Structures are given as structure tokens and as C-alpha cells.
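Chemist: Sharing a structure here in C-alpha cells format.
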Amino acid sequence: MKTRILPAISLILSVLAGCNGNTAQQPLLIEHTQVADSTEYVDMKMSVDLPVATDSISAKIRQDLVMLLDSQFHNLGYGEEEYHPEPYSKADISEINAIARFYTRQALEHTSAMAAEDYRYRTSWINEDDEMTDQMKQEIIANIPRWEFDINLSLVSDSAGYIVFNSQNYTYLGGAHGGITGSGAVTYSRKDGHRIYTFLKPGIVNEIQPLLIEGLLSYYKDCGESMTPAELLERLFIEDNLVPLPAYAPYPTAQGLTFIYQQYEIASYADGMPSFTIPYDKLQPYMLEF
């Protein structure tokens, strides 16, 4: 099993427009690393941004993001028993490369055993097929796909009011296609570093239906498909013609709150991940005060 770091750590200064159009006076200092590792049946990559702990706020955010990374590995692969990696949050978190290697090593040990079992099952099933020739069997076995895991944690924006990271992972277990997982947008207050789980008041899904429908129509229009609201509701996988809020909280941008639905959450795989931004002036009556 070989591990390589791609490339050396780089420091990134990100100063992006905030919700009020201003920029942060003291931009968050970010360090980045990429780790690629593999075994006989599994390929794994990690791409991670973490804030450098220059003060109490950046240290608090870094600690929380490392704990979030830890949680991402609990859902790797499949099986009846949940996988619980040893948490790095109990150790020194100052070395980003050490963190990436730590989780990659544990995850590969876990997933490689499952991938090897999957390979043996597929091989056995192919060899027992009486309708294929030996050459056909050999060709199919030679092309059994490898498992892939791509774990990504990246800085989205650093504004005057909020710091947003995106947790998005790709998993492929040898089926027809892979899937997107992760925690979605993770937003922190720039004032004190606490994580903001929602910007919206509870119980407002019925009231903002026109805004959600308008946003989804704009998404499909940008994809080259124009439709009426009735046609949209017919297309979606929803109950009682009620568009739900996305499972992952919307995040702030300069233009408004951005909503992203995950694969299969409200639509087919072919529809991708429906997303749109609703301006703050339209959402203001439904937003919490910060």
C-alpha cells in the first residue's frame, strides 16, 4: 500500500464578497493538502482545506471540521456493522497531512476487506454461469471495477459575516454509477466561530413554496428544459405536491441563500443535484436574525 501527498501544503488567502457585499478585513488563512492511496481493490483520495489556527475563532472552526471529517468515514462502504474509525480529534490536529494520512489509512483497511469480498462474490457468480465461454468470463473478471472514494472538504467563501466550507464526497462501489455524499455546506459565524445550522425559521416550508418552485424552474431552465409549475411538480419525487426544504441547510452567498438538493432527494439521478439561489429580499420574512 503506497501513500503519496499531492502536492505539498499550500497556503491560500480567500477574500470573497459577503452577504452585504463587503469583504473580510482579516481573511482566514487556509492550508490545503491532497492524499492519494490505494490497495488491490480500492482507490481513495482526500482533498482537504482547513483553517490555520491563528486565533480562537479559526482554532474552533478547525477543531469542528476535523470532527466533521471523522464523521464522514463512518459511512464508507456498506455492511451491517457501522464503521467507527479512531477519531483524530483526540490527538494533535496541527498537522493537516498527518490528519489526511491517518484517516486514509484506516479507511483503506476497512474498505479493502469489503471490496475483496465483493470481488470474490462477483468472480464466483461469473464462473458459475453456464452460458458464457471461459474467454468471456476472463474478460469480464479482468474488468471488474475497482471501488473509489473521493473525500473533499473545501473552502467556499470567507466573507465579512460568514465562513462556508463544502463537504462533498464521491463513492463508487462497482455499480452502474457512483453517488455523492457528505455534509453539504458547513457555515460558521465570523464573529465567534460557532456553526450555523440554519438561516430559516422553522415551519415555513408551506409559505415559501412559490420561491422553491421558482428556484427549481430556473435550475431546469438553465439545464435547457422549460416547464410549467404543474409539469415540475409532476416530475419531482415529492408527496402532496409539496416541495421540501433540502436535507442540507442552504448557505449564504453575496446574492442570497443557495439551496442544493442531493441526488435522488427530490428528482431522478439524471436530474443531477437541483440548486438555485433565492435573493435575501425575498427570503427576509422567513429568515432568523443573526
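The values are calculated or read from the model by the stated rules, or taken from the named source; none is laboratory data. Note that the structure is a prediction, hence the values are computed from the model and not measured. Every residue, glycine among them, receives a Cβ derived from its backbone with ideal geometry; neighbour counts consider all protein chains shown. What goes into the accessible areas is simple: the full protein's heavy atoms, side chains included, and nothing from ligands, DNA or RNA. Shrake-Rupley method; radii C 1.70, N 1.55, O 1.52, S 1.80 Å.
Chemist: Among (1) modelled with pLDDT of 80 or more; (2) surrounded by 13 or more Cβ atoms within 10 Å (Cβ to Cβ); (3) in a loop (DSSP other than H, G, I, E, B), where does Y83 come up short?
Modeler: Evaluating Y83 over (1) modelled with pLDDT of 80 or more; (2) surrounded by 13 or more Cβ atoms within 10 Å (Cβ to Cβ); (3) in a loop (DSSP other than H, G, I, E, B) leaves (1) as the failure.
Chemist: While we're here: Check A113 against each of (1) assigned to a helix (DSSP H, G or I); (2) without any contact (Cβ under 8 Å) to a residue 24 or more places away in the chain; (3) closer than 20 Å to D49 by Cβ; (4) not charged (D, E, K, R) and name the one condition it does not meet.
Modeler: Among (1) assigned to a helix (DSSP H, G or I); (2) without any contact (Cβ under 8 Å) to a residue 24 or more places away in the chain; (3) closer than 20 Å to D49 by Cβ; (4) not charged (D, E, K, R), the lone unmet condition for A113 is (3).
Chemist: Is it the case that Y103 is touching a residue at least 60 places away in the same chain (Cβ under 8 Å), assigned to a helix (DSSP H, G or I) and open to solvent by less than 80 Å² (accessible area, probe 1.4 Å)?
Modeler: no
Chemist: What is the residue count in segment 106-117 for residues that are open to solvent by 20 Å² or more (accessible area, probe 1.4 Å) and modelled with pLDDT under 90? Full working, then the answer.
Modeler: Just the residues of segment 106-117 that are open to solvent by 20 Å² or more (accessible area, probe 1.4 Å), to begin with: 106, 109-110, 112-114, 117.
Now narrow it down to the ones that are modelled with pLDDT under 90: 106, 109-110, 113-114.
Total meeting the criteria: 5.
Chemist: With respect to L13, is the statement that it is more than 21 Å from the chain's Cα centre (by Cα), exposed (fewer than 12 other Cβ atoms within 10 Å of the Cβ) and either within 18 Å of N166 (Cα to Cα) or modelled with pLDDT of 95 or more (or both) true?
Modeler: Answer is yes for this residue.
Chemist: Restricting attention to segment 118-151, which residues are charged (D, E, K, R) and open to solvent by less than 80 Å² (accessible area, probe 1.4 Å)? Break it down into steps so the answer makes sense when it comes.
Modeler: Taking segment 118-151 and keeping what is charged (D, E, K, R), we get 118, 120, 122, 128-131, 134, 137, 139, 146, 148, 150.
Those that are charged (D, E, K, R) and open to solvent by less than 80 Å² (accessible area, probe 1.4 Å): D118, R122, D129, K137, E148, D150.
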